[in-house]
Amino acid sequence: MGDLLVDEFYAARNLLYLGAHQQALEALAGHTHLSAEREAEKRSLQYRALLAQGNAQAVLDAVPAGASEPAQQVLRQLALVVRAGAALADEDRARAAAQVEALAGSGAVLGGSLAAVAAQLLLAVGDTEAALRILALYPRNVECMCTMAAAYLGINRRDLAQKVVAQTREWCEDAPVAQLAEAWTGLAAAGAKRAEALYIYEELAQASPHARLQMPLAVCRMHMGQFPEAHALLLEALEKDPQAPDVLANLVVCASHAALPADARSEHLAQLRLAAPAHPLVAELDAKSAEFDAAAAKLA
């Protein structure tokens, strides 16, 4: 993404990174009379914004199963993964990963941003090693490097994530996605680094009024023990997206620590079960409940 700082889609990309997906779609719609290459890039960004909104079916409707362009093949596979969610079968998971790896290894020119999307798909299906291999091909693309940092954080290698972020900030300091990556690594650390992450999110939120950063701001507040403030931010995020699973999950956690009435936590958990019954928090709570019931039965 080193060249993205000067292209006409720069503003739309930043809106996409900052969670303002509808605004990104509106910004992209304003670009007309493009070359065939730029029109294809515009469509890819539009599909990414739709996927970020959870509208995988719109992408599947727009991209045929036999699409010949590598970009469309990658985005269609990602749409299938997003639509299936936690219900994605193991064989479909393996098929999606194999197809994306084959594209990357066939010499198809994905480009840095699309390589980052391909890596995100591989991360979603649990193939971190393959994702890192693709990302390593684009060491001067800020989106790829920030996706690499996220991949390292996902396997608890904060040291490697911090190294990638530090190297990236040397040549791409001001890009919002690079600032986000620095905030991610700071949040994964302790002490003053979490306060620095909070500052970065606040600066980004002030710079872009459409940014949807209430949830990461709330997570920072929770890590700093500021649960009432976090709860207010999460409620604000929920107003903007009432079905957002991760917002609901964080509300469950926050309610458990913020000395809120027990029915508040129960209400948020019930909402989460309806919105995302396979969410990791739901699965973990159900597993712990089953363990408790099994232990209680032994003592009965």
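The values are calculated or read from the model by the stated rules, or taken from the named source; none is laboratory data. Not measured: the values here are computed from a predicted model. Glycine gets a Cβ as well: all are built from the backbone with ideal geometry, and neighbour counts include every protein chain shown.
Remarks
- Of the residues screened, HIS231 is one that is in contact with a Cys (Cβ under 7 Å, 6 or more places away or on another chain), of a type outside the set (Val, Ile, Thr) and more than 30 Å from TYR10 (Cβ to Cβ).
- ALA276 fulfils the conditions (1) touching a His at 6+ places or on another chain (Cβ under 6 Å); (2) in contact (Cβ under 8 Å) with a residue 60 or more places away in the chain except for a single criterion, (1).
- Counting only helices (runs of 4 or more DSSP H) that sit wholly inside region 189-285, those with at least 3 residues that are surrounded by fewer than 18 Cβ atoms within 10 Å (Cβ to Cβ), charged (D, E, K, R) and more than 17 Å from the chain's Cα centre (by Cα) are 192-207, 227-240, 262-275.
- Looking only at residues of region 55-75 that are in a loop (DSSP other than H, G, I, E, B) and crowded, with 16+ Cβ neighbours inside 10 Å, we find that the one that is farthest from the chain's Cα centre (by Cα) is VAL63.
- Members of region 286-300 that are assigned to a loop (DSSP other than H, G, I, E, B) and among the charged types (D, E, K, R): none
- Pairs with Cβ under 8 Å, 6+ apart, first in region 152-177 and on the phi < 0 side of the Ramachandran plot, second surrounded by fewer than 20 Cβ atoms within 10 Å (Cβ to Cβ) and β-branched (Val, Ile, Thr): GLY154/THR128; ILE155/THR128
- When ASP174, ASP159 are checked against the criterion of being of a type outside the set (Phe, Trp, Tyr), part of a loop (DSSP other than H, G, I, E, B) and farther than 22 Å from ASP246 by Cβ, a single residue qualifies: ASP174.
- Given (1) farther than 21 Å from GLN120 by Cβ; (2) surrounded by fewer than 21 Cβ atoms within 10 Å (Cβ to Cβ); (3) among the small types (Gly, Ala, Ser), index of the condition GLY186 fails: (2)
- In region 76-90, residue modelled with the lowest pLDDT [restricted to those that are under 17 Å from the mean Cα position of the chain (by Cα), surrounded by fewer than 18 Cβ atoms within 10 Å (Cβ to Cβ) and of a type outside the set (A, V, I, L, M, F, W, C)]: GLY85
- Counting only helices (runs of 4 or more DSSP H) wholly contained in region 95-156, the ones carrying 3 or more residues that are buried (at least 24 other Cβ atoms within 10 Å of the Cβ), at pLDDT 90 or above and within 14 Å of the chain's Cα centre (by Cα) occupy 112-124, 142-154.
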